[in-house]
Amino acid sequence: MTTALEEPAEPVRAGWTSALSLANVAIWVGWYGPLQILLARQAEDFAPGTGMSKETLLAWVTGAGAVVSLAANPFFGALSDRTTARWGRRTPWIVAGSAGGALSLLLLAGADGLWVMTLGWCLVQLTLNASFAAVTAAVPDRVPRLQRGMVGGWLGAAQILGAVTGTGLATVAGGIAAGYAACAVFTLAGVLPYVLRHRDLTLAAADRPVWSTRAFLRGFWLSPRRYPDFGWAWLTRFLINFSNALVILYLLYYLRDRLHHHDPEQGVLILTAVNSVTLLATVVVGGAWSDRVGRRKPFVQWSGVLMAAATALLSVWQTWPSAIVAAAVLGVGLGVFMSVDFALMTDVLPKAMDRGKDLGVINVANALPQVVAPALAAPIVTHLGGYRVLYLVAAVIGLAGAVLVRRIRGVA
């Protein structure tokens, strides 16, 4: 057995965690700058003449990208599991994915219509998921179980910092093209400290399984009957992320069309900042507390309940002050959820050889909501009751995810 396949025992140092977190920030900048601001603005520009509303056009583009993400994350995770490069299993994919993501963002910057916009976003999802799959797999490769809540907390903080940074760059850069260019530069530069300063674990060629296309493809199915904890963990993550995706998707339009905010783009930035402050207050603390008490499920369950309550608030009290309160409460719950649920996921992985692939399958629970959310949100907003019904449905879905955490048996 090589070091790459052993269960890690030596605690990671702050420098390693910081560099990996910065790489995570960079990847989320590449996603959230477009998702929060830039794609919505392009949808407004391109919708006239397409026969679609801006909401429907945005739903189609983000949905297409999410479909790509569904396949890309586990696929590249599986490839990184089998990589025997001298630079390690994960590093080549981090570099290639981030470089490809930067180029894809530049393609979006020059988009002149719906089809180039869709192609560019799909390429962003393809390439950045290659990088993200490798970054995520580095945690069970290197971090002992009783340190994963804390490290997961820092990665959760990195995600929200990426969302804030991406939203900020998209807002202040001075235009759509400039916003994409700024996100592209950050996406590439942010991964360099990790790949240049920290040597990756290598997989010996003798430990790589003999190639079989059938076995490779079959490996993406993990039977819930054979691995029930993995199945329940996946489902709970999907439901809570689905609820969150319904909240985020039309946030810009919610502020503009329902709350009539005087500057909806600035409003999105303010809500993101409020959410980030409260998230950062709980994400590392929640993960470290979970490590200390040796329990995961209660933290995941009650954070899910708190997020569902905040989402319901957006339905029953539709004002700008309520949106600020909801953003703050969502941040408290999401901070705990992100750190502890990540640690829980690494605790239910079936095999060391397949960490990247299995985490990729788990990350489908992050991407699939981006596919399903537009399909559900667009008809609700346009025909079935508007934003009040949308956020009530989102709250019920999130609450279901929180309750089902109890079905996981192998983790406390």
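Close amide H pairs (under 5 Å, H built 1.01 Å from N) link Arg89 with Leu201, Leu203, residues at least 5 positions away or on another chain.
For the chain, the per residue solvent-accessible surface stands at 39 Å², with DNA, RNA and ligands left out and a 1.4 Å probe.
Annotation for Ala273 and Arg208: the two label points, set 7 Å from Cα along the Cα-Cβ direction, are 4.9 nm apart.
A straight chain from Arg218 to Glu7 at 0.36 nm per residue would run longer than the Cα-Cα distance by 73.5 nm. Neighbours of Met150, meaning other residues whose beta-carbon lies under 10 angstrom from its beta-carbon, give a summed charge of +1 when Lys and Arg score +1 and Asp and Glu score -1. Modelled spin-label separation between Ala177 and Ser53, with each label point placed 7 Å from Cα along the Cα-to-Cβ direction: 3.1 nm. Under the membrane-span-like helix rule (DSSP H runs whose alpha carbons stretch at least 18 Å along the helix axis, mean Kyte-Doolittle hydropathy 1.6 or higher), the chain yields 176-189, 386-404.
Across segment 1-99, the volume of the C-alpha convex hull divided among the residues equals 134 Å³ per residue.
For the chain, the fraction of 1.4 Å probe accessible surface lying on carbon and sulfur atoms is 66 percent. The sum of -39500 (n - 2.57) across all DSSP H runs of n ≥ 4, divided by the residue count of the chain, sets its helix-only mean residue ellipticity at 222 nm to -25500 deg cm²/dmol. For a paramagnetic label modelled at 7 Å from the Cα of Gln266 toward its Cβ, which residues of segment 298-326 fall within the zone defined by backbone nitrogen distances under 20 Å? Residues 319-325 fall inside that zone. Based on Cα contacts under 8 Å between residues 6+ apart, segment 48-183 shows a relative contact order of 28 percent. Largest mean-square fluctuation among Gly168, Gly385, Gly97, in a Gaussian network model of the chain whose springs join Cα atoms under 10 Å apart, belongs to Gly385.
Computed over the chain, relative contact order equals 27 percent, with contacts defined as Cα pairs under 8 Å that lie 6+ residues apart.
Taking other residues whose beta carbon is less than 13 angstrom from the beta carbon of Ser212, and scoring Lys, Arg as +1 and Asp, Glu as -1, yields +4.
The values are calculated or read from the model by the stated rules, or taken from the named source; none is laboratory data. Being a predicted model, the structure only gives us computed values, none of them experimental. With ideal geometry, Cβ positions are generated from the backbone for all residues, glycine too; neighbour counts draw on all protein chains shown. All accessible areas refer to the heavy atoms of the entire protein, side chains included, with ligands and DNA or RNA removed. Shrake-Rupley method; radii C 1.70, N 1.55, O 1.52, S 1.80 Å.
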